[in-house]
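Engineer: Can you read through this structure? Questions will come right after.
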Amino acid sequence: MTYDERYMRVRTRRQLFRDCGVGVGKAALASLLVGNTMGATRKPHFPPKIDSVIYCFMAGAPSQFELFDYKPELQKWDAKPAPDAFMKGKRFAFMDTFAKETPKLLGSRRKFQQHGKSGLWFSDLFSHIGSIADDVTMVSGISTENFNHGPAKLFSNTGSVRPGRPSMGSWVTYGIGSESNDLPGYVVLQSGPRGPRGGAAVWASGFLPTSYQGCRSGRRAIRF
């Protein structure tokens, strides 16, 4: 054992921090004087017009065919086998069951009606939402070829069925910034003990800096 090795063994951690070239105390003081610009959420490129965003992603709701996506043609095929043109060349979940018997289509059991000047369709489950049809925006053009829950939830929150893309909350935090250097700018409130399929990737920062990563609130799930 060399002299340096014996010396390091008897050297205390406090002595090392005291005598090192850039002490921990000096680094802490510098961060207080200059500001923690390395790990904190930086200010956006342009002044934001909003202060905060609350984004509710709620999985497990009734089908859109029972709520706001009126399909009159589907009603004609209710309880009938799916046409070959619909099945050919397509991939679906549980394909082995489809090989035994052609699946039957299921139409909505709800009554639909147009509301407002925009003429949005809502079922009788959304009777009150219909009264504000002209004050809401419905996006009905989103589609994906993936049929599994995990990738679908990733797609809904990041725009990609594969992990690695920034989530919506990360982009919002990147766009509007944060006034705090000590608290996260993007907080996730999770409902239920298991968490969403797709895991933490649904609120990840992807290729953005980790300061835009979503921070799950508390160790225990929050129930509403």
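Engineer: Collect the residues in the stretch 125-151 that are touching a residue at least 24 places away in the same chain (Cβ under 8 Å) and among the small types (Gly, Ala, Ser), keeping them in residue-number order.
Structural biologist: Scanning the stretch 125-151 gives Ser140, Gly150.
Engineer: Among residues belonging to the stretch 40-79 that are touching a strand residue (DSSP E or B) at 6+ places or on another chain (Cβ under 7 Å), without any contact (Cβ under 8 Å) to a residue 60 or more places away in the chain and part of a loop (DSSP other than H, G, I, E, B), point out the one that is surrounded by the fewest Cβ atoms within 10 Å (Cβ to Cβ).
Structural biologist: The qualifying residue surrounded by the fewest Cβ atoms within 10 Å (Cβ to Cβ) is Ala79.
Engineer: Starting from residues that are among the aliphatic types (A, V, I, L, M) and more than 30 Å from Ser127 (Cβ to Cβ), keep the ones in the stretch 42-85 and report whichever is nearest to the chain's Cα centre (by Cα).
Structural biologist: Within the stretch 42-85, the match that is nearest to the chain's Cα centre (by Cα) is Ile50.
Here is a yes/no grid of residues against (1) among the hydroxyl-bearing types (Ser, Thr, Tyr); (2) outside any loop (DSSP other than H, G, I, E, B); (3) within 27 Å of Lys49 (Cα to Cα):
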residue	(1), (2), (3)
Met138	no, no, yes
Gly150	no, yes, no
Lys153	no, yes, no
Gln190	no, no, no
Ala200	no, yes, no
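Engineer: Right, something else. Just checking, which of Trp77, Trp121 is among the aromatic types (Phe, Trp, Tyr) and under 20 Å from Phe147 (Cβ atoms)?
Structural biologist: It is Trp77.
Engineer: Which pairs have Cβ atoms under 6 Å, sit 6 or more apart or on different chains, and link a residue in the stretch 97-124 that is exposed (fewer than 13 other Cβ atoms within 10 Å of the Cβ) and at pLDDT below 90 to one that is of a type in the set (Phe, Trp, Tyr) and assigned to a helix (DSSP H, G or I)?
Structural biologist: Taking only residues 6 or more apart or on different chains, not a single pair turns up.
Engineer: Restricting attention to the stretch 164-184, report how many residues are under 15 Å from the mean Cα position of the chain (by Cα) and at pLDDT below 85.
Structural biologist: 0
The values are calculated or read from the model by the stated rules, or taken from the named source; none is laboratory data. All figures in this text were calculated on a predicted structure; none of them were measured in a lab. When we count neighbours, we look across all protein chains shown, and the Cβ atoms used for this are built from the backbone with ideal geometry, even at glycine.
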